[in-house]
Amino acid sequence: MEDLNLTIIEKYQQGKAQTIAIRPYFDSGKENMGLENYNMTLFEGVWHHESLACLERNGISRYITGLNEFAPEVKMLKGNAKKEKIKEIRTVVAQLEQELGANVIDITDKDFWNKVEILRPDNHKFWEKMSLKCGNDAMYLDPAIDPYDLIKMYAIEAGGFSIVAKSLEEAKKTGCKFYLDKVKETTGTRTKLSKLRNRALASLQNLYDTDTTKLLYVTKVTDANSTQYTKGTPVDVLYESMDMYINGEGVESSKTRAAETFIEVANSTMEDLKIRAMIKDATTHGLMSSKSDGFIYDKYSGSKLGKRPSEVLEFLKNPLNDETLVRYMADMEELWEN
C-alpha cells in the first residue's frame, strides 16, 4: 500500500502552487439581484448545502461517487481506458479503506469489492452523510492529507454535487454557482481569454500601423453602425471603436466572441472585406432589401441576391455578376467619400 499512497499524494501535492478549492462563481455580465456588482454569488451569511447525489432505479439506489467501477460511465469506457480507470478507482478505494478503517486490500484481489467495508457502493450509511456546504468564501481541500477531501474531489468530478462544477470552464457553460478550482487547470481557462484578446489587440495595432484602409473596412464590417465610418474618418476613431469592441464594450458584450470575430474579420481578404462592408451599407441605405420570402433583393433589377449576407457575397464575387458588383461599388464609393 505504500506505493499506492505515494501515487495519490503525488497527484495532489501540497503547497500554494497546487492549491485546490471550491470557489464561488459569478458572471459580472449577468444580473444576480445586484450581487454581481460586489463580486458575490450569495448574500452575506448565506450558504448552500447539498448532500451527495443518489439515483434510484427499480428500488436500487446508486450514489454518484466517482469511486464505483460498476458505474455506467466506467462501463462505457473501452480497452485500456477502462482498465486504467478501474485501477485508479481501486487504488483510491484501497487507500481510503486503509486510512478510514485500517482495512488493507490488494487491488489485484479478485474478491476486492467483497473485502471493501466502508466505501462499498451500497454502503448507504456512509454515503448519505457525505455533503458540501458552500458560500462566498473559498473552501480549501487537501486531498493528500484529508481522506474526506479526496472523496469529495472524486464526487465533484463525477457530478455528484449539482451546485459545484468540476472546473471553471464548465461553470461558465452551465452557470453553476461554485466550481472546483485546480490552480493549473483554472489558470489555463482564465488566461485563454487574455491570450485571445491580446491576439486581437495585436492584430488591431498592426492594421493601425501598416494598413489603415483595411482597418476602415474591418471597422465597417465589425461595428453595427457601419455607415458612420467613411474614408474621411480619423484613423484614431477607427482604432478606438475596435479597441472598445474587442474589450466587449461594443455591440458584442462577450469578450471571447468579440475577440474571435475581430480576428476572423481582420484575417479576411481586402476583396471580401470591401464587399461585406458594401453589403451592410447598401442594406442600410435601401439599395438592397429583405422580403417576406427570406431573400435579399437588388433594388434596381429586383433579382434575388441570396438569403444571407454570406450568400450575397458569393453572388457578387461571381464573375457573371460583375456588372451588379461594379454598380454597387460605384454607389458605395460615392457615399464613402463624404
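The values are calculated or read from the model by the stated rules, or taken from the named source; none is laboratory data. None of these values were measured; they are calculated from a predicted model. For neighbour counting, all protein chains shown are included, and Cβ atoms are generated from backbone atoms with ideal geometry for every residue, glycine included.
Kindly list the number of the only condition in (1) closer than 22 Å to residue 199 by Cα; (2) surrounded by 12 or more Cβ atoms within 10 Å (Cβ to Cβ); (3) not small (Gly, Ala, Ser) that fails for residue 275.
(1)
Report, ordered by the first and then the second residue, all pairs with beta carbons closer than 7 Å, sequence separation of six or more or different chains, a first member in the range 144-156 that is of a type in the set (Ser, Thr, Tyr), and a second member that is surrounded by 19 or more Cβ atoms within 10 Å (Cβ to Cβ) and part of a helix (DSSP H, G or I).
154/92
Could you check the range 136-163 and list, in sequence order, the residues that are among the charged types (D, E, K, R), in a loop (DSSP other than H, G, I, E, B) and closer than 19 Å to residue 176 by Cα?
Residue satisfying the conditions is 137 alone.
Conditions: (1) of a type outside the set (A, V, I, L, M, F, W, C); (2) at pLDDT below 90; (3) exposed (fewer than 15 other Cβ atoms within 10 Å of the Cβ); (4) touching a helix residue (DSSP H, G or I) at 6+ places or on another chain (Cβ under 6 Å). Residue 117 meets all but one. Number of the miss?
(2)
Please determine whether any residue of the range 241-255 is over 21 Å from residue 195 (Cβ atoms) and of a type in the set (Phe, Trp, Tyr).
There is no residue in the range 241-255 that is over 21 Å from residue 195 (Cβ atoms) and of a type in the set (Phe, Trp, Tyr).
Can we say residue 32 is of a type in the set (S, T, N, Q), modelled with pLDDT under 90 and over 27 Å from residue 177 (Cα atoms)?
Answer is no for this residue.
How about the range 230-258: which of its residues are at pLDDT below 90, in a helix (DSSP H, G or I) and surrounded by 14 or more Cβ atoms within 10 Å (Cβ to Cβ)?
Selection gives 255, 256, 258.
Would you confirm whether any residue within the range 216-229 is crowded, with 17+ Cβ neighbours inside 10 Å and among the basic types (Lys, Arg)?
Yes, the conditions are met somewhere in the range 216-229.
Every residue, every condition in (1) touching a helix residue (DSSP H, G or I) at 6+ places or on another chain (Cβ under 9 Å); (2) assigned by TED's automatic domain parsing to the domain that holds residue 161; (3) loosely packed, with under 14 Cβ neighbours inside 10 Å, yes or no:
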position: 53; (1), (2), (3): yes, yes, no
position: 57; (1), (2), (3): no, yes, yes
position: 65; (1), (2), (3): yes, yes, no
position: 76; (1), (2), (3): yes, yes, yes
position: 85; (1), (2), (3): yes, yes, no
position: 93; (1), (2), (3): yes, yes, no
